[in-house]
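One structure is given below, encoded as structure tokens.
The values are calculated or read from the model by the stated rules, or taken from the named source; none is laboratory data. These figures come from a predicted structure and were not determined experimentally. All Cβ positions, glycine included, derive from the backbone under ideal geometry; neighbour counts span all protein chains shown. Side chains included, ligands, DNA and RNA excluded: accessible areas come from the protein's heavy atoms. Shrake-Rupley method; radii C 1.70, N 1.55, O 1.52, S 1.80 Å.
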Amino acid sequence: MCDCQVCQLNIFLLQVMSFFATAEHEKERLQYFASPEGRDDLYQYNQKERRNVLEVLEDFPSVCMPFEWLVQLVPPLRTRAFSISSSPLAHPNEIHMTVNVASWTTPFKRKRFGLCSTWLAGLDPHKSVPVPAWIHQSSLPPPQPSRPLILIGPGTGCAPFRGFIEERSLQCASETTAPILFFFGCRNEENDFLYREFWFSHTQHNGVLSVEKGGGFFVAFSRDQPRKVYVQHKMNEQRARIWHLLSSGADVYVAGSATKMPADVTSMLEEIVSQEGGVSKESAASWIRKKGSMGQEKADIRDEEDGKIFIEAWS
């Protein structure tokens, strides 16, 4: 299946479109875009405005390209990767996903919508619809029940941790489990608080996030007050508890946006280790880097006493 909503026009595609253009002014314009002299104008027309192939064909209606040429020149539709947000122990015959419905506005005020997320959001939940899916191993390995956890997952980064908490909730009914501190963040409490009831249900009645179990659930709403508050600020407020779990061999899991969040969270962990552990910033940074390296290299080795740091981020 080809992706006609792709926004990156390559030079060869422009040259082929110019070949099939019957209007002379359209042929000349496409040839200009394909030339070195037209690169800046092509950027303004295509990349900056993110026009897709279909819109370009609409702008150049005299281009009569055979369909078989189009499907060969346009790249195939890429698979979309989503984190599984359910536990196989809790839902053995189901897979739950947490999907942000992507939408944005271009510089020329054109509204854009994500192809896959919009399609998923439009499905009727009461009808059975076959959806092809491929299950791949995550970079976030399933934690051991006896391992303390520090989870940081703002936005849809909370997805894998919903499964972790479901799993540990069932495990604690039959065996001893370690505490979990979970730090969640979103823009607004009213609009973006994913799984609100689920998290709070596990903070009560000796749930895995309850104080009685040594756990905790902390939320940062970045836009609900004049000063922006992010997950790292909530981590700073709980620095003593974080250090206690780190000292007890806790694993740290970070999931979410690949922009500034992972670096800010890592920086806060270094600050907590330095101040609560009474070591230099350089020693704290080295300690955190070592845990991150162990998480990348030894994700399948789960019987070591030292905790690790696992990060899964996406753009």
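Determine which single condition SER86 fails, assuming it passes every other condition in (1) open to solvent by 30 Å² or more (accessible area, probe 1.4 Å); (2) outside the structural domain of TYR32 (by the TED database); (3) over 23 Å from HIS25 (Cβ atoms).
(1)
Show me the helices (runs of 4 or more DSSP H) entirely contained within region 183-256 in which 2 or more residues are more than 29 Å from GLN275 (Cα to Cα), open to solvent by less than 60 Å² (accessible area, probe 1.4 Å) and out of contact with any Gly (no Cβ under 9 Å at 6 or more places or on another chain).
196-201
Sort through PRO145, PRO160 and tell me the only one that's outside any helix (DSSP H, G or I) and in contact with an Asp or Glu (Cβ under 8 Å, 6 or more places away or on another chain). Full working, then the answer.
Numbers: PRO160 fails: outside any helix (DSSP H, G or I).
Every option except PRO145 fails the conditions.
If you scan region 30-62, which residues turn out to be assigned to a helix (DSSP H, G or I), more than 27 Å from TRP104 (Cβ to Cβ) and not hydrophobic (A, V, I, L, M, F, W, C)?
GLN31, TYR32, PRO36, GLU37
So PHE33 fits all but one of (1) touching a strand residue (DSSP E or B) at 6+ places or on another chain (Cβ under 6 Å); (2) among the aromatic types (Phe, Trp, Tyr); (3) open to solvent by less than 40 Å² (accessible area, probe 1.4 Å); what number is the exception?
Only one criterion in (1) touching a strand residue (DSSP E or B) at 6+ places or on another chain (Cβ under 6 Å); (2) among the aromatic types (Phe, Trp, Tyr); (3) open to solvent by less than 40 Å² (accessible area, probe 1.4 Å) is unmet by PHE33, namely (1).
Of the residues in region 114-149, how many are within 14 Å of LYS308 (Cβ to Cβ) and touching a Lys or Arg at 6+ places or on another chain (Cβ under 9 Å)?
Residues meeting the conditions: 6.
Could you identify the single residue in ALA133, ALA90, ALA81, ALA121 that is of a type in the set (A, V, I, L, M, F, W, C), out of contact with any helix residue (DSSP H, G or I) (no Cβ under 9 Å at 6 or more places or on another chain) and within 30 Å of ILE180 (Cα to Cα)?
ALA81
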